[in-house]
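Presented below is the structure to which this report refers.
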């Protein structure tokens, strides 16, 4: 039965929050704060009651027309109907609310949000593939909102333009392959110098399929890799080593090489701004020892090394550690060391004995609980810059740093790494307070 209500807030997932007089809270995708809407409550799943938006009776002044024709169906974006400035304000609110509510901390200064062009920014993606006769055959795209089904995308306004242009011809390519029923996904990577695709296939490729893939790679001028099992099975379709993928960090005269399936920050402009801001707070220089944890292939490590500071980068994935070492050699940096270590294990206490005076954390969504819990020793880092992709785990770790270890949370701000999505990245700066 349809109901009418005024939307009270925006959830952390980008849904409209409706608070009913009887105490029910309904999450309605597509609704914005302040709007009067008509909606149909759905079933309660995992403790949450969702609703289906039927009509916006009184629209928010921040409502805009989505640019993407697939918006509302494709689950890749959830906020294109919200003005970009309002999106960013909502992300800042999520960060500050999380710090206060979960971490019992507030920053001394709220940083201006780091943001760039909200369109065609995404240089990494992993669209799915599926053969669905009832929907016209091959589908290539992202999952539908709240569903395991795929949206058939012929273009995407958030993907790097070079990647978006491949979506339509990929439908035809995959549909022509003998293995089209056993090809679950394609990984996209757009470097500064090339575009690469990794084709995941569950059965061996026939000679005919290899020829079709090779012809597509030549015609579209892309590097093409195949993946028959886990990440170790990725190999170039054609013999010989393709040109390494590179993204450049101009501020530091660094060329960063990576493989098509490696993790890199998806938004090149925002990544560069994020590195600049992190280094401004770290202020590294000769005489400093900076510890960079969860360092990946050296995205922060090598810019820090350019300052003349001694840097130790630690990463759990051994393959990325090797990439970091190779990038250091290629950029003529000898003041940096890379080590492989599981930073989620209990044996991280020895990190405090490295003698670092400055610490940079860039953990996954699970945060850096084990690291911050075991920051012990005679000398604690004077400055900690924490780059987060999950406000909840940042807030949890901030509580430990402030209330257990005596740090002050000096600065914090949101980072709009993924415009038009509810994903919130952020940066927080902690400074050791000797008087506490």
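So which residues in the range 174-208 are in a helix (DSSP H, G or I) and crowded, with 22+ Cβ neighbours inside 10 Å, if there are any at all?
At the first step, the residues of the range 174-208 found to be in a helix (DSSP H, G or I) are 174-176, 180-182, 207-208.
Within the range 174-208, just 174 meets the criteria.
On the given criteria, is residue 235 assigned by TED's automatic domain parsing to the domain that holds residue 164 and either within 30 Å of residue 411 (Cα to Cα) or without any contact (Cβ under 8 Å) to a residue 24 or more places away in the chain (or both)? Yes; evaluated as a whole, the condition is true for this residue. Taking the range 18-38 as the range and being over 25 Å from the mean Cα position of the chain (by Cα) and part of a strand (DSSP E or B) as the test, the residues that pass are 18, 19, 25, 26, 36, 37, 38.
Just wondering, is there one or more residues in the range 30-47 that are touching a helix residue (DSSP H, G or I) at 6+ places or on another chain (Cβ under 9 Å), within 29 Å of residue 156 (Cβ to Cβ) and crowded, with 16+ Cβ neighbours inside 10 Å? So far as the range 30-47 goes, yes, one or more of its residues are touching a helix residue (DSSP H, G or I) at 6+ places or on another chain (Cβ under 9 Å), within 29 Å of residue 156 (Cβ to Cβ) and crowded, with 16+ Cβ neighbours inside 10 Å.
Here the condition is being crowded, with 17+ Cβ neighbours inside 10 Å, in contact with a helix residue (DSSP H, G or I) (Cβ under 7 Å, 6 or more places away or on another chain) and not in a helix (DSSP H, G or I); of 140, 94, it holds for 140 alone. When 290, 321 are screened for being outside any loop (DSSP other than H, G, I, E, B) and closer than 29 Å to residue 110 by Cα, only 290 passes.
Residues checked against (1) in a strand (DSSP E or B); (2) modelled with pLDDT of 95 or more; (3) surrounded by fewer than 24 Cβ atoms within 10 Å (Cβ to Cβ); (4) touching a helix residue (DSSP H, G or I) at 6+ places or on another chain (Cβ under 6 Å):
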site	(1), (2), (3), (4)
376	no, no, yes, yes
380	no, no, yes, no
384	yes, yes, no, no
393	no, yes, yes, no
420	no, yes, no, no
423	no, yes, yes, no
430	yes, yes, no, yes
435	no, no, yes, no
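Taking the numbered list (1) modelled with pLDDT under 95; (2) buried (at least 16 other Cβ atoms within 10 Å of the Cβ); (3) in contact with a strand residue (DSSP E or B) (Cβ under 7 Å, 6 or more places away or on another chain) in turn, residue 20 passes all entries but (2).
When each of 362, 292, 332, 347 is tested for being surrounded by fewer than 17 Cβ atoms within 10 Å (Cβ to Cβ) and modelled with pLDDT of 95 or more, the lone residue that passes is 332.
The values are calculated or read from the model by the stated rules, or taken from the named source; none is laboratory data. The structure displayed is predicted, hence computed values, not measured ones. Note that each Cβ is placed from the backbone with ideal geometry, even for glycine, and that neighbours are counted across all protein chains shown.
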